[in-house]
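For reference, the structure discussed in these notes is given below.
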Amino acid sequence: MIASTASIGEDHRDQPRVDPLAALRRPGDPPWDVYLTGPVFLDIIFTGLDSAPVRGTESWARGMGSSPGGVANMATALARLGLRTSLAAAFGDDHYGEYCWDTLEQGEGIDLTPSRRAPGWHSPVTVSMAYEGERTMVSHGHEPPPEEPAPDCPPRARAAIASLTPGKRAPWIAQAAGKGARIFADVGWDDTGAWDLAGLADLEHCEAFLPNAQEAMRYTGADSPRTAAHALTAHVPLAVVTLGAEGAYAVDRRTGETAEVPAIAVEALDPTGAGDVFVAGFVTGTLAGWPLADRLAFGGLTAALSVQEFGGSLSAPGWSEIGAWWRKVQSVTGQEPAALRRYGFLAGLVPEQAGRPWPLRRAVPTIGFGRST
């Protein structure tokens, strides 16, 4: 395993733009690499808590950050990895909504053409408390007005990322697949307790399914995450099961290939959005045509770097940070040669040095400071 490293203290004002799909781009390609739709939250994150809040007491956190959350976690992670990303979401017309819109469109270069501002609708909010490597969340919000954007007319894209809902179809998924998009799906916890794969009807349109270990075992009835991954390939060509601190395991039914990559040991500040960042890294590698094990390793690396920063969306690493990590771990004495070889594919990808300025925002305690000009 790669030895734990401290957060890379690189100057984020020197963030190069890297296009991982540059060699694959052709005239007539879809205008977008990835399309997403879903709710955008304002996330307020407290870290440095010694324990979970206790009823009837006041707890003080040693750290705090605010950033766009929800589907913004995935969209930002994709954009920072160089993918042309289009997002459809409803935004409140309050200050929170304005901040999230500006951060995503102006700060991250995400296409918000399919999105809209909803007059009189306040932005949903999540408060996340991180402690002992875990987190507890409290959210508030209302359903957006009925003309919420997206589902009926997704734009042409190489891929789309969907969050499946048990017992409910999302028409846009079939439409996107019909336009040639490769669908990557995850799923949330099944509050109904049914855990019925037949209830995930849109899985039939998906190329890849990326549940965590508990979700995979509950949906398949398997007694181990690896057995569950194999069982899932009866329903989807590619199954990727995340194993937490153990890494990730994947099975590709089309090739018969399996791959497992251990996690990178890091000291986590805030795990918010780490799963989304993993998916973004895996999708990036898949669209670029990398081997399966490299895709798992890259997803795990981007997730490991993200948990060392505040917030879900604004913790996502860019290529400068990935390059800085790769250069740093090679200089650490005592690294396992096999572990270094596992990430050797980065040598031809990461920039040798920082390129043109590209401000990389981070979550801050309050909204309104440090607006870019």
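The values are calculated or read from the model by the stated rules, or taken from the named source; none is laboratory data. This structure is a prediction, so every number in the text was calculated from the model and none was measured. Positions of Cβ are generated from backbone atoms using ideal geometry, with glycine treated the same way; all protein chains shown enter the neighbour counts. These accessible areas exclude ligands, DNA and RNA; they are computed on the full protein's heavy atoms, side chains included. Shrake-Rupley method; radii C 1.70, N 1.55, O 1.52, S 1.80 Å.
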Inter-residue pairs, beta-carbon under 9 Å, first farther than 18 Å from residue 294 by Cβ and in segment 319-340, second open to solvent by 10 Å² or more (accessible area, probe 1.4 Å) and among the aromatic types (Phe, Trp, Tyr), 6+ apart: 320/358
Scan of segment 308-345 for residues that are open to solvent by less than 60 Å² (accessible area, probe 1.4 Å), over 29 Å from residue 110 (Cα atoms) and outside any helix (DSSP H, G or I), ordered by number: 332, 335
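Residues are listed down the side, and each one gets a yes or a no for (1) out of contact with any strand residue (DSSP E or B) (no Cβ under 7 Å at 6 or more places or on another chain); (2) closer than 30 Å to residue 63 by Cβ; (3) in a loop (DSSP other than H, G, I, E, B):
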| residue | (1), (2), (3) |
| --- | --- |
| 226 | no, no, no |
| 241 | no, no, no |
| 250 | no, no, no |
| 263 | yes, yes, yes |
| 271 | no, yes, yes |
| 275 | no, yes, no |
| 279 | no, yes, no |
| 289 | yes, no, yes |
Segment 85-131, residues that are closer than 17 Å to residue 367 by Cβ and of a type in the set (A, V, I, L, M): 104, 125, 127
Failed item, numbered, when residue 244 is tested on (1) under 22 Å from residue 134 (Cα atoms); (2) surrounded by 18 or more Cβ atoms within 10 Å (Cβ to Cβ); (3) within 17 Å of the chain's Cα centre (by Cα): (2)
Options 285, 273: the member that is in contact with a helix residue (DSSP H, G or I) (Cβ under 6 Å, 6 or more places away or on another chain) and over 26 Å from residue 137 (Cβ atoms): 285
Meets criteria (assigned to a helix (DSSP H, G or I), in contact with a Leu (Cβ under 6 Å, 6 or more places away or on another chain) and acidic (Asp, Glu)) for residue 105: yes
Residue count for segment 287-299, restricted to those that are surrounded by 24 or more Cβ atoms within 10 Å (Cβ to Cβ) and over 11 Å from the mean Cα position of the chain (by Cα): 4
Segment 110-129, residues that are in contact with a Ser or Thr (Cβ under 8 Å, 6 or more places away or on another chain) and either assigned to a strand (DSSP E or B) or open to solvent by 20 Å² or more (accessible area, probe 1.4 Å) (or both): 111, 113, 114, 125, 126, 127, 128, 129
